[in-house]
Amino acid sequence: MKIASSSDLEKLEKIGRTTLYPAQLKISIGMSTCGIAAGAGVLFKRFQEEADRRNVDLMLTATGCLGYCQKEPLVDIRMPGKGRVLYARVIAEDIAGLLDSLASGSWPDTKALAIIPEETESGKDTPPELPDVPMLAELPFFARQHKIVLKNCGLIDPFSIEEYVARGGYRALAQVLQDGNPQRVIDAIIQSGLRGRGGGGFPTGRKWEICSRTDEKTRFIICNADEGDPGAYMDRTVLESDPYSVIEGLTIGGYAIGAGQGFIYVRNEYPLAIERLRHSLARAAEQGLLGGNILQSGFDFTVRIVQGAGAFVCGEETALIASIETGGGEPRPKPPFPAESGLWGKPTVINNVKTFATVPAIIKKGAEWFTSIGIPGNAGTVVFSLVGQVADTGLVEVPLGLSLHELIETIGGGSLKKDKTIKAVQTGGPSGGCLPAELFNLSIDYETLSQAGSIMGSGGMVVMDEDTCMVDVARYFIGFTRKESCGKCTPCREGTRIIHDILSRIVSGEGSPQDLELLEEVAEWVKKTALCGLGQTAPNPVLSTLRYFRSEYDAHVSEKRCPAGVCRSLITLTILPDLCNGCGLCKRECPNEAISGKKKKVHVINTSRCIRCKICVDVCPEGAIEIGR
């Protein structure tokens, strides 16, 4: 049906509630990229087969990602009148037992992770009687989170516009169109203090206002989903798990600035996100929530998906615009800024996935509500993909102003390896800085991170422990940005090459004290003179590691050693006779046949053949391989 009014939305909401809260057993499986990679697709098929075999009446549905990627596959089970329980790391062999218990009306306690409280039409469900299973909000991973962007992720079927509406979706769009005052929308976003969540942190409302006040009547609005940071998957997950929130936010933005055409620029490497976006756009148009005369307001708005070819530089707004126009992404000098002259020379607003997903909540709940979250000047929440050497990896959404320590040690559970100490964290992806553990008391906000030598970025956060070489980390990230440089400006094209060459000499044991001076000089030069944000922030990993981990650089240069035991040219591997039991695992796995020894006899490494790959270290059950650093 075509949605023409709020009463029509209520009809859609009722349909959504019947699938969110069915009068039968409901099993939901997290089927975003992380869940599928962990085996959720196999689980889904097996659940259906086993239910059919047992004649169990159930609703089986696929949801998105709840964020706790470390515990995938996640299975959410709801029994009417008996509550809802989340099960973790479920495998195919668990399914028969789970269904047998559920068919008898009892909760399985094996692999139960948490109880999910929920509101239903009859009020609050009674929590299941599972005494050893905590509430979801009591888990350390979730206790400090405040979900706005991720509020529906993992809880609704991403294909179902009905379930999105049942969770409050499209009420914000209906509100602004009924009000009929685009300026009031912009004022609300300005008052909320929402800043761009793509990394720059520019005030969203101010950008919208600049665009709306231009004389040109043809305007465009673009959602930047070109997420290219290694280890970052926030935007992908939102698009896979709750695409309608982004579409609604984009539509509200289009109305506010007077744009009739929107674009979602998404990486070609995100096939699942693209599939779900296409379906959601079609459903929104089918329901009359995109297209002509939306909600009989006279507002016309359409959205087109543009697939990027995977160039990191296209995350920069002018390069993204060039990519849509010509297929080739190269940044342009600013000014003029896109809000005044962007796509095809027309005023254009570009915001990130998470920015648009936040907009409907601000419209519904008000600017004052949003500013009550976070800290002054940094209102609201921020979404991070927490990865690396941390116990609990996944997506987290926390109020701005939370400390790095709370995020890494409390939500993330601290070090992945309990015998290893966390050394540093990099925020902001390959363009971010590396901050030492001594600074984990710092507040997570735009200004504090910048002053410390890092950036907020789009939300990537990589945790590193004592086995990480910070010089090698700097070399890796500058190597990434060097390859991704479009080559248009000399500082980025040549500067990143020079920096990478210097770091390569240092990690191979050929560095000199003069190299350190040159390294810092070139890095500062690139930062100050590069054309776009990619080049200007590329030296951050180098400058921050020089600032906080200078002793590691000195050890590489002056002592020709790698304190972390990572850089191959600066380490030696030796088998300790007292610990070697002659099992032969190291000999069997050595790729260069550098280890000799008879079974049950002490083995020996031939240092002239050893390529110091450390595979022997990984496979030795006795810890008998010593790394000389």
Within the stretch 20-29, can one find any residue that is within 28 Å of the chain's Cα centre (by Cα), surrounded by 20 or more Cβ atoms within 10 Å (Cβ to Cβ) and in a helix (DSSP H, G or I)?
yes
Any hit, the stretch 212-226, residues being at pLDDT 95 or above, under 14 Å from A361 (Cα atoms) and either assigned to a helix (DSSP H, G or I) or charged (D, E, K, R) (or both):
no
For the stretch 59-83, which positions are at pLDDT 95 or above and part of a loop (DSSP other than H, G, I, E, B)?
G64, C65, L66, G67, Y68, E72, P73, L74
So if I check each of V566, V557, which one is touching a Ser or Thr at 6+ places or on another chain (Cβ under 8 Å), surrounded by 18 or more Cβ atoms within 10 Å (Cβ to Cβ) and either assigned by TED's automatic domain parsing to the domain that holds G200 or free of Cβ contacts under 8 Å to residues at least 60 places away in the same chain (or both)?
V557
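Sort through L86, L43 and tell me the only one that's of a type outside the set (V, I, T), at pLDDT 95 or above, within 25 Å of P134 (Cβ to Cβ) and part of a helix (DSSP H, G or I).
Working: L86 fails: part of a helix (DSSP H, G or I).
One residue alone meets the criteria, L43.
Every residue in the stretch 344-365 that is assigned to a loop (DSSP other than H, G, I, E, B) and among the charged types (D, E, K, R), please. Break it down stepwise before answering.
Kept after step one, since they are assigned to a loop (DSSP other than H, G, I, E, B), are these residues of the stretch 344-365: 346-347.
Matches in the stretch 344-365: K346 only.
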Would you mind finding the one in N606, N592 that is in contact with a Lys or Arg (Cβ under 6 Å, 6 or more places away or on another chain), at pLDDT 95 or above, outside the structural domain of P491 (by TED's automatic domain parsing) and of a type outside the set (A, V, I, L, M)?
N592
Whether any residue in the stretch 349-368 is in contact (Cβ under 8 Å) with a residue 60 or more places away in the chain, surrounded by fewer than 24 Cβ atoms within 10 Å (Cβ to Cβ), of a type in the set (K, R) and in contact with a strand residue (DSSP E or B) (Cβ under 7 Å, 6 or more places away or on another chain) is what I want to check.
no
Considering only the stretch 397-413, I want to know if a residue exists there that is over 28 Å from G35 (Cα atoms), of a type in the set (G, A, S) and touching an Asp or Glu at 6+ places or on another chain (Cβ under 7 Å).
yes
Quick one: which helices (runs of 4 or more DSSP H) lie wholly within the stretch 467-570 and hold at least 2 residues that are among the aromatic types (F, W, Y) and either under 28 Å from Q389 (Cβ atoms) or out of contact with any Gly (no Cβ under 6 Å at 6 or more places or on another chain) (or both)?
470-484
For the condition of a type outside the set (S, T, N, Q), out of contact with any strand residue (DSSP E or B) (no Cβ under 8 Å at 6 or more places or on another chain) and surrounded by 19 or more Cβ atoms within 10 Å (Cβ to Cβ), what is the one hit in G509, G533, G487?
G533
Name the residue, out of T410, T371, that is of a type in the set (V, I, T), more than 30 Å from A530 (Cβ to Cβ), in contact (Cβ under 8 Å) with a residue 60 or more places away in the chain and surrounded by fewer than 17 Cβ atoms within 10 Å (Cβ to Cβ).
T410
Which numbered condition trips up R184, out of (1) among the charged types (D, E, K, R); (2) buried (at least 21 other Cβ atoms within 10 Å of the Cβ); (3) farther than 24 Å from S28 by Cα?
(2)
Please identify the pairs in which a residue from the stretch 262-275 that is among the charged types (D, E, K, R) has its Cβ atom under 8 Å from the Cβ atom of a residue that is buried (at least 19 other Cβ atoms within 10 Å of the Cβ) and part of a loop (DSSP other than H, G, I, E, B), counting only partners at least 6 apart or on another chain.
R267/D226; R267/E227; R267/G228
Residue pairs qualifying under the 6 Å Cβ cut-off, at least six apart or on distinct chains, with the first in the stretch 543-554 being more than 16 Å from L518 (Cβ to Cβ) and the second being at pLDDT 95 or above and of a type in the set (A, V, I, L, M), are F549/M470; E552/M470; E552/V471
Tell me whether the stretch 292-314 contains one or more residues that are in contact with a Pro (Cβ under 7 Å, 6 or more places away or on another chain), in the same structural domain as Y233 (by TED's automatic domain parsing), among the hydrophobic types (A, V, I, L, M, F, W, C) and crowded, with 24+ Cβ neighbours inside 10 Å.
yes
Members of the stretch 112-156 that are modelled with pLDDT under 90 and of a type in the set (G, A, S)
S122, G123
Checked Q48, Q24 against criteria (in contact (Cβ under 8 Å) with a residue 40 or more places away in the chain and of a type outside the set (D, E, K, R)); the one match is Q24
Looking at the structure I just gave you, is G200 at pLDDT below 95 and farther than 24 Å from C65 by Cα?
yes
Of (1) under 37 Å from the mean Cα position of the chain (by Cα); (2) surrounded by fewer than 12 Cβ atoms within 10 Å (Cβ to Cβ), R588 satisfies every one except (1)
Kindly indicate which of L295, L281, L290 is more than 30 Å from F480 (Cα to Cα), touching a residue at least 12 places away in the same chain (Cβ under 8 Å) and touching a Phe, Trp or Tyr at 6+ places or on another chain (Cβ under 8 Å).
L290
Just to be sure before I move on: is L546 surrounded by 15 or more Cβ atoms within 10 Å (Cβ to Cβ), touching a Phe, Trp or Tyr at 6+ places or on another chain (Cβ under 8 Å) and not assigned by TED's automatic domain parsing to the domain that holds P436 in the structure I sent?
yes
Given the criterion modelled with pLDDT of 95 or more, farther than 17 Å from H146 by Cα and among the polar types (S, T, N, Q), identify the matching residue among T448, T410.
T448
Name the single residue that is surrounded by the fewest Cβ atoms within 10 Å (Cβ to Cβ) among those in the stretch 92-111 being within 16 Å of K26 (Cα to Cα) and touching an Asp or Glu at 6+ places or on another chain (Cβ under 7 Å).
A96
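The values are calculated or read from the model by the stated rules, or taken from the named source; none is laboratory data. Because the structure is a prediction, the values reported are computed rather than measured. Quick reminder, even Gly has a Cβ in these numbers, built from the backbone with ideal geometry, and neighbours come from all protein chains shown.
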